[in-house]
Structure formats: C-alpha cells, structure tokens
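K.L.:
Okay, handing you the structure first.
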Amino acid sequence: MKGKWIPVVGAVALGLSLSFGGDVAMAKEKYKEIVNVSHRGASGLAPEHTLVAYKMGEKMHGDYIEVDLQMTKDGHLIAMHDERVDRTTDGTGLVKDMTLEEIKELDAGTWFNETYTQYANPNFEDLQVPTLEEVFQTFGKNKSYYIETKSPDVYPGMEEELLRLVNEYRIDKDKLLVQSFSKESLIKMNELDPTVKLVQLLSYRANAEISKEDINEIKEYAIGVGPNHTYLTEEYVQTIVSSGLELHPYTVNEKERMKQLIDWGVTGMFTNFPNLLHEVKKGK
Ligand code: G3P
Ligand code: CA
C-alpha cells in the first residue's frame, strides 16, 4: 500500500514544482517586458533635459527618452520641464518671452552640479537646452520617444509643430508616445494624426479611484494612462490594466517600489534612474 503512494506523491510534487517553475518563468517574462522610461533623461544622475542626460538614459537601458516640451517666442519647441528657465538654467524668465537664440545662451548644467554635488561633473557645465529638432537629429528616427506637450494652452500650435517635426524626421510612429495632462491637447493630436499613440497623464489625487466611465472615455483617444505612482493601489492598477490600457506611473526612483508596482501589474514606469529599473528587470 505504502509503495502505491510513492508515485502519487512524486507526481504531485512534480506537478507543484512544474507549476511553481511556470509561475517563476512568467514573473521573469513580466519583469523583462516592463517599459523603462528615462524621465527627463537619466535626470537623477545628469542635468535634466540635456542631450547628455538623454544619452546616459540610453546607455542605462532606458527604452524611451522622455522629453517635456515648451515653445519659444519664435516658435521653436525646446526640451524643458518648466515654463520658466529659472530652475534649470542660469537665466530668468518665461520661455514664451524668449527667442531660441536667447535660450541657447543659457547654461543648463551648472545648476545640477551645485544642487547634486554627489553627481557633479565638470562636463555638465555650460550644456545647452536642446531643441526637439536636435533631439531627433541626435537619436534618429528609430529611437523610442515619449514626448509631453506641456502647457499647451500657453503655446497655441505646439501640437502642429510637434507633428511637423515627427514627419520631417520620419520618426517611427510605432515607437513614439505623446503624453499630456491636457485632454484637449491629446484630442487635438488625435484629430491631427490618429496614428500617433497617446497617453493621458493623471495628476495626484488622494484616495483616487477611476470609474469605468473615465476609462472608457480615455480609451477613445489614448492607449494608456500615466498616474502619479504615490496614489496607486493594487486595485487601481488592476482596474486600469484589466481594461486593456497601458499603465506607466511617474516618477519611481526606488527599487522596492518598482518591484511592488510591477507585481501589482503596471506595464512600465518613468524613472530618474533607468539603471535601477534595469537592475530590477534583471531580477537584481
Ligand atoms: O510625464 C510623466 C511625468 O513626467 C509627469 O510629470 O511634471 O515630471 O512632467 P512631470
Ligand atoms: Ca513629463
């Protein structure tokens, strides 16, 4: 009788181990597929929105370069997060009141050395603010870009100019994502070119929930959402992901939080440290 149990127990153990092995393999696959977005470039380690920070992000295995857009007085799209130049350059004033020539005179790197002394590097001094055109010229048409229309109400025509450059530089639209907090800006992009994939950014809201109606509305024009990671719960993540939307929270800079969000089901994330997310994806 005892002998009969041996194959049964063996089979159960083998089944459990195969199933466990399958789960591990699936988890590893899931980690590998997480989209790693270099937020403003590798901006934890180099001055944000400079070509140096974007190159560093690429080297650190960031899949996408994230580019925030502002527009100069003479209509050039530049890579900058704030409407004012004050925080990230040695200048002062609003981008909308400055020409590209004036923007190009600014030093976009020294502030970083002074603020983040542990990462300071003499090569960061005197870096210029890049135009979107220069970003495309530097990284080419096959790079994955994650471009945000910032303050579109301040810059009428920024969506048209973005599309003009995307088309002029023959940017691969399969690898392009355009994001915005402004639903109007995304809907405008969708009307101008329905082949461009869009992501709706969502600002911080304490105890936030998202309704089926909200999700269905977003799905009419966007393929995903980008919420602030600090208000996410597993339930919120599951609600969004099970609807078929991509979910790329911002801005996640700690490995434990990265792992938690991946385990909850996010499909990618923005990080100032693409090197850390790369390690997490590798199971380190
Ligand atoms: O685009 C995702 C995230 O960058 C949104 O916040 O303020 O860093 O542009 P912000
Ligand atoms: Ca952004």
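The values are calculated or read from the model by the stated rules, or taken from the named source; none is laboratory data. Bear in mind the structure is a predicted one, so any value in this text is a computation, not a measurement. Positions of Cβ are generated from backbone atoms using ideal geometry, with glycine treated the same way; all protein chains shown enter the neighbour counts. Calculation scope for accessible area: heavy atoms of the full protein, side chains included, ligands and nucleic acids excluded. Shrake-Rupley method; radii C 1.70, N 1.55, O 1.52, S 1.80 Å.
K.L.:
Can you tell me which residue among ASP214, ASP172 is more than 16 Å from ligand 2 (Cβ to nearest atom) and either touching a strand residue (DSSP E or B) at 6+ places or on another chain (Cβ under 6 Å) or modelled with pLDDT under 95 (or both)? Working first, answer last.
P.N.:
Working: ASP172 fails: either touching a strand residue (DSSP E or B) at 6+ places or on another chain (Cβ under 6 Å) or modelled with pLDDT under 95 (or both).
Matching residue, one of ASP214, ASP172: ASP214.
K.L.:
Let me ask something else. For the range 65-80, does any single residue satisfy the condition of being more than 19 Å from THR138 (Cβ to Cβ) and either open to solvent by 40 Å² or more (accessible area, probe 1.4 Å) or acidic (Asp, Glu) (or both)?
P.N.:
yes
K.L.:
Quick one: count up the residues across the range 263-281 that are within 16 Å of ligand 1 (Cβ to nearest atom), over 16 Å from ILE65 (Cα atoms) and among the hydrophobic types (A, V, I, L, M, F, W, C). Please lay out each step first, then the result.
P.N.:
The initial filter retains those residues of the range 263-281 that are within 16 Å of ligand 1 (Cβ to nearest atom), namely 266-274, 277.
If we keep only those that are over 16 Å from ILE65 (Cα atoms) as well, we get 266-267.
Next, from what is left, pick out any that are among the hydrophobic types (A, V, I, L, M, F, W, C): 266.
The total comes to 1.
K.L.:
Of these, GLU58, GLU29, which one is within 14 Å of the chain's Cα centre (by Cα) and assigned to a helix (DSSP H, G or I)?
P.N.:
Numbers: GLU29 fails: within 14 Å of the chain's Cα centre (by Cα).
That would be GLU58, the only listed residue that is within 14 Å of the chain's Cα centre (by Cα) and assigned to a helix (DSSP H, G or I).
K.L.:
Taking the range 220-262 only, how many residues are open to solvent by 40 Å² or more (accessible area, probe 1.4 Å), more than 16 Å from ligand 1 (Cβ to nearest atom) and either touching a Gly at 6+ places or on another chain (Cβ under 7 Å) or in contact (Cβ under 8 Å) with a residue 60 or more places away in the chain (or both)?
P.N.:
Within the range 220-262, residues that are open to solvent by 40 Å² or more (accessible area, probe 1.4 Å), more than 16 Å from ligand 1 (Cβ to nearest atom) and either touching a Gly at 6+ places or on another chain (Cβ under 7 Å) or in contact (Cβ under 8 Å) with a residue 60 or more places away in the chain (or both) number 2.
K.L.:
Within the range 98-116, identify whether any single residue is outside any strand (DSSP E or B) and under 26 Å from LYS284 (Cβ atoms), and answer yes or no. Before you say what the answer is, go through the steps one by one.
P.N.:
First, the residues of the range 98-116 that are outside any strand (DSSP E or B): 98-116.
After this cut, where a residue has to be under 26 Å from LYS284 (Cβ atoms) as well, the list is 116.
Yes; the residues of the range 98-116 include at least one that is outside any strand (DSSP E or B) and under 26 Å from LYS284 (Cβ atoms).
K.L.:
Take the residues in the range 62-100 that are of a type in the set (Ser, Thr, Tyr) and touching a strand residue (DSSP E or B) at 6+ places or on another chain (Cβ under 7 Å), then tell me which one is nearest to ligand 1 (Cβ to nearest atom). Show your work before the answer.
P.N.:
Initial filter on the range 62-100 (of a type in the set (Ser, Thr, Tyr)): 64, 72, 88-89, 92, 99.
Narrowing further to those that are touching a strand residue (DSSP E or B) at 6+ places or on another chain (Cβ under 7 Å): 64, 72.
Values: TYR64: 11, THR72: 19 Å.
Filtering the range 62-100 for residues that are of a type in the set (Ser, Thr, Tyr) and touching a strand residue (DSSP E or B) at 6+ places or on another chain (Cβ under 7 Å), the one nearest to ligand 1 (Cβ to nearest atom) comes out as TYR64.
K.L.:
I'd like the full set of residues that are open to solvent by less than 80 Å² (accessible area, probe 1.4 Å) and either within 15 Å of ligand 2 (Cβ to nearest atom) or among the hydrophobic types (A, V, I, L, M, F, W, C) (or both), limited to the range 22-35.
P.N.:
Those that are open to solvent by less than 80 Å² (accessible area, probe 1.4 Å) and either within 15 Å of ligand 2 (Cβ to nearest atom) or among the hydrophobic types (A, V, I, L, M, F, W, C) (or both): VAL24, ALA25, ALA27, ILE34, VAL35.
K.L.:
To continue, here is another question. Considering each residue of the range 117-148, count those that are in a helix (DSSP H, G or I), within 17 Å of THR88 (Cβ to Cβ) and touching a strand residue (DSSP E or B) at 6+ places or on another chain (Cβ under 8 Å), and give that number.
P.N.:
Within the range 117-148, residues that are in a helix (DSSP H, G or I), within 17 Å of THR88 (Cβ to Cβ) and touching a strand residue (DSSP E or B) at 6+ places or on another chain (Cβ under 8 Å) number 2.
K.L.:
Being away from ligand 2 (no atom under 16 Å from the Cβ) and farther than 10 Å from THR230 by Cβ is the filter here, so list the residues in the range 249-264 that pass it.
P.N.:
Within the range 249-264, the first condition is being away from ligand 2 (no atom under 16 Å from the Cβ), and the residues that meet it are 254-264.
Across the range 249-264, the qualifying residues are GLU254, LYS255, GLU256, MET258, LYS259, GLN260, LEU261, ILE262, ASP263, TRP264.
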